[in-house]
Structures are given as structure tokens and as C-alpha cells.
């Protein structure tokens, strides 16, 4: 079985083809123009991760929501669960860019931080 991935590490966007055996083990990786593409595809096949960017509610701020993101990528399979956690979060203004909004989300070791400062009303 073969599957094609588009590498997102650099602007080149290599089309990388991965060949798998019947047990979904990688047999070959072809099409990457640099070693980063091969590393990206191996990660994407074994444990895909993503940075989660969203918003959480804020009380007494000049805006009703504060944008947040995970400091590092988290497993893709946890994105919906993380969104459910963040949907229940409400912080008090003021919030400064870089403030930790949720520490160690879903025991991943990754913090969710504010990506914008929101002053108090």
C-alpha cells in the first residue's frame, strides 16, 4: 500500500510517497528533497502532532475572547479533547501575551498560552 504526504516543513512542499507492508510498517519513503521531509513523514505516520490554536473566554476584558495556542505540538488524536477542555475555561482580565492559560493540558506536558494581551475593562 502507498500513501502520499505533502511535507510542510519548508516552502518546497515535497510530495513524499510512503510504501507500507500489510502490517502498516514503513517499507520505503521517496520524494523528499531533504532529510527533514523524511523525518516529517515518519512522525506523521507514527504519531502525528499539531499546534492547537483557538480562543477561550475572558471576564472583564475589553474583548470577550483571548486567543491561545499550545506551546508545542500535541498528538493529533487529542485535539478534540483539548478543545473540549478549553471550551470550559474562562480567565480573568488582564491577560498578557505568553501567560499560561492551562498548564499541562491533558497531561501532555504542554501548556496553553495566550497569544494576545487583553487589558481589563
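A few comments on the model shown:
- Matching residues, segment 21-31, being touching a strand residue (DSSP E or B) at 6+ places or on another chain (Cβ under 7 Å) and in a loop (DSSP other than H, G, I, E, B): 21, 31
- Looking only at segment 32-63, and only at residues there that are in contact with a helix residue (DSSP H, G or I) (Cβ under 6 Å, 6 or more places away or on another chain) and not in a strand (DSSP E or B), the one that is surrounded by the fewest Cβ atoms within 10 Å (Cβ to Cβ): 48
- Whether a residue is under 30 Å from residue 120 (Cβ atoms), surrounded by 13 or more Cβ atoms within 10 Å (Cβ to Cβ) and in contact with a helix residue (DSSP H, G or I) (Cβ under 6 Å, 6 or more places away or on another chain) was assessed, and residue 66 does not pass this test.
- Some residue of segment 80-94 being touching a residue at least 40 places away in the same chain (Cβ under 8 Å) and either surrounded by fewer than 13 Cβ atoms within 10 Å (Cβ to Cβ) or closer than 14 Å to residue 56 by Cα (or both): no
- Residue 109 surrounded by fewer than 17 Cβ atoms within 10 Å (Cβ to Cβ) and within 29 Å of residue 4 (Cβ to Cβ): no
Read the figures in this text as sums done on the coordinates, not as results from a lab. Quick caveat, the model's predicted, so the values are computed rather than measured. Glycine gets a Cβ as well: all are built from the backbone with ideal geometry, and neighbour counts include every protein chain shown.
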